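Scroll down for the structure; my scribbles are underneath it.
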């Protein structure tokens, strides 16, 4: 009876040790990218107008395509810019045509403390002349040294993505510690 209980307990610990990493990975895979889900990265507010063939998508109530410049009543040239991830006000924003990345960051309240500034990306709505659609931007060098060399000119409907810093947080450290304790318990019981 004692041996059967030991085997059952070892079996439960082995199951826990083998399933916990799978569950952890699955939980992280289901988390949205930063504070917005990946499926929203390329969605548009005019989702209901997608059946219009090759015509440009139009913002509801505005009557203008998202991927072009437009003017306000004072003649300012404006465009839509999307900001996703670890900023205080993610979403779609209207900015002046000559706005740069620091201007957009100031409009969204700046990056949060857990933002990974080294891995920011600018995603083009349409590829550039050279076919490039994704630009890596190291915002950390900008914030530390004022280096703007990696900045590119913003175009209508560009998306600035600032990911979360996936460093070792307290929750992950506790999960790893629990796995180590479980593995040590299995070894201690099995070697007994």
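Using 0.36 nm per residue and subtracting the Cα-Cα separation, the extra length available between residue 176 and residue 149 on full extension is 5.8 nm.
Within the stretch 81-162, the percentage of alpha carbon pairs spaced more than 19 angstrom apart rounds to 30%. Once both labels are positioned 7 Å from their Cα atoms along Cα-to-Cβ, the gap between residue 118 and residue 103 label points is 3.0 nm. Using a cutoff of 8 angstrom between alpha carbon atoms and counting only pairs six or more residues apart, the relative contact order for the stretch 81-162 works out to 40 percent.
Taking all pairs of distinct Cα atoms, average 1/r, flip it, and tell me the Kirkwood hydrodynamic radius of the stretch 137-192 in Å to one decimal place. By the Kirkwood definition, the hydrodynamic radius is 15.9 Å.
Annotation: the antiparallel percentage among DSSP beta bridges lying fully within the stretch 81-162 is about 70. Translational diffusion of the stretch 68-116, estimated by Stokes-Einstein from the Kirkwood radius over alpha carbon pairs at 10 °C in a medium of 1.306 mPa s, is 138 µm² per second.
Take 181, 161 and order them by how many other Cβ atoms sit within 10 Å, fewest up front.
Sorted ascending by nearby Cβ count, the order is 181, 161.
Model label points for residue 94 and residue 16, set 7 angstrom from Cα along the Cα-to-Cβ axis, are 5.7 nm apart.
Read the figures in this text as sums done on the coordinates, not as results from a lab. The shown structure was predicted, so the numbers you read here are calculated from the model rather than taken from an experiment. Note that we place each Cβ from the backbone using ideal geometry, even for glycine, and neighbour counts take in every protein chain shown.
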